[in-house]
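Colleague: Below are the structure tokens for one structure; questions will follow.
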Amino acid sequence: STDFQDVILKDGLTIIDYLKLTDNFYLIGGEIKSIFERLSTGVVIISMQKSKASEYAVGGRFTLDESRLYVTLSRGGTAKIMKCKNWKNPEINPNFRECEYKIIGGHKMVMMTRWLKPKEE
């Protein structure tokens with residue numbers, strides 16, 4: 001539950017379910033930075049909790065700094081790309097696009113719409 005940077009697969013896939021702090025939430029950015037610094041060619045997927053009222057995980061905007069891709073999932077089935085640094089197509093900005101999803105059988109996530117700009121039909 002702590003010191004995740006010590007178990008990162010620097011050239012592989014690491015999934016952290018989930019990263020949390022119980023106080024001094026602004027320190028979460030440092031935890032994520034420590035994890036990021038261990039990577040070479042690998043990928044880390046970090047799950048974090050967020051309140052319904054917040055757009056960001058606990059720790060707020062400090063959780064964005066090292067993220068290459070930051071996606072929030074909301075109850076009700078909306079996924080939102082809050083930050084994407086590496087765009088697939090340099091002419092299409094994926095930031096703040098949303099899609100609807102459903103969870104089937106408690107484990108299968110199915111995309112119900114394509115990634116849309118906010119308020120796009």
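The values are calculated or read from the model by the stated rules, or taken from the named source; none is laboratory data. Being a predicted model, the structure only gives us computed values, none of them experimental. All Cβ positions, even for glycine, are placed from backbone atoms using ideal geometry, and neighbour counts span all protein chains on display. When the accessible area is computed, the model is the full protein with side chains, heavy atoms only, and any ligands, DNA or RNA have been set aside. Shrake-Rupley method; radii C 1.70, N 1.55, O 1.52, S 1.80 Å.
Colleague: So, with a 1.4 angstrom probe, what is the percent of accessible area on the chain that is carbon and sulfur?
Modeller: Here carbon and sulfur together make up 53 percent of the probe-accessible area.
Colleague: Now for a different question. Would you mind calculating the gained length between Trp87 and Met112 on full extension (0.36 nm times residue separation, minus the Cα-Cα distance), in nm to one decimal?
Modeller: This chain segment gains 6.8 nm when fully extended.
Colleague: Shifting gears a bit: Compute the long axis of helix 28-37 from its Cα atoms, compare it with the longest principal axis of the Cα atoms of the chain, and write down the angle in degrees, 0 to 90, nearest 10.
Modeller: Roughly 80 degrees between the two axes.
Colleague: Next question, about the same structure. With r as the distance between the Cβ atoms of Leu69 and Asp23 and R0 = 25 Å, compute the FRET efficiency 1/(1 + (r/R0)^6) and round to 0.05.
Modeller: With R0 = 25 Å, the Cβ-Cβ based efficiency is 0.35.
Colleague: Leaving out ligands and nucleic acids, note down the accessible area per residue over the range 38-121 with a 1.4 angstrom probe, in whole Å².
Modeller: Each residue of the range 38-121 exposes 73 Å² on average to a 1.4 Å probe.
Colleague: Counting pairs of Cα atoms in the chain, how many percent are more than 20 Å apart?
Modeller: That tail contains 49 percent of the Cα-Cα pairs.
Colleague: Compactness ratio of the range 23-76: Cα Rg over 2.2 N^0.38 Å, N = residue count?
Modeller: 1.17
Colleague: Right, something else. Evaluate the relative contact order of the chain (contact order divided by residue number), counting alpha-carbon pairs under 8 angstrom at least 6 apart; express in whole percent.
Modeller: Relative CO of the chain lands at 17 percent.
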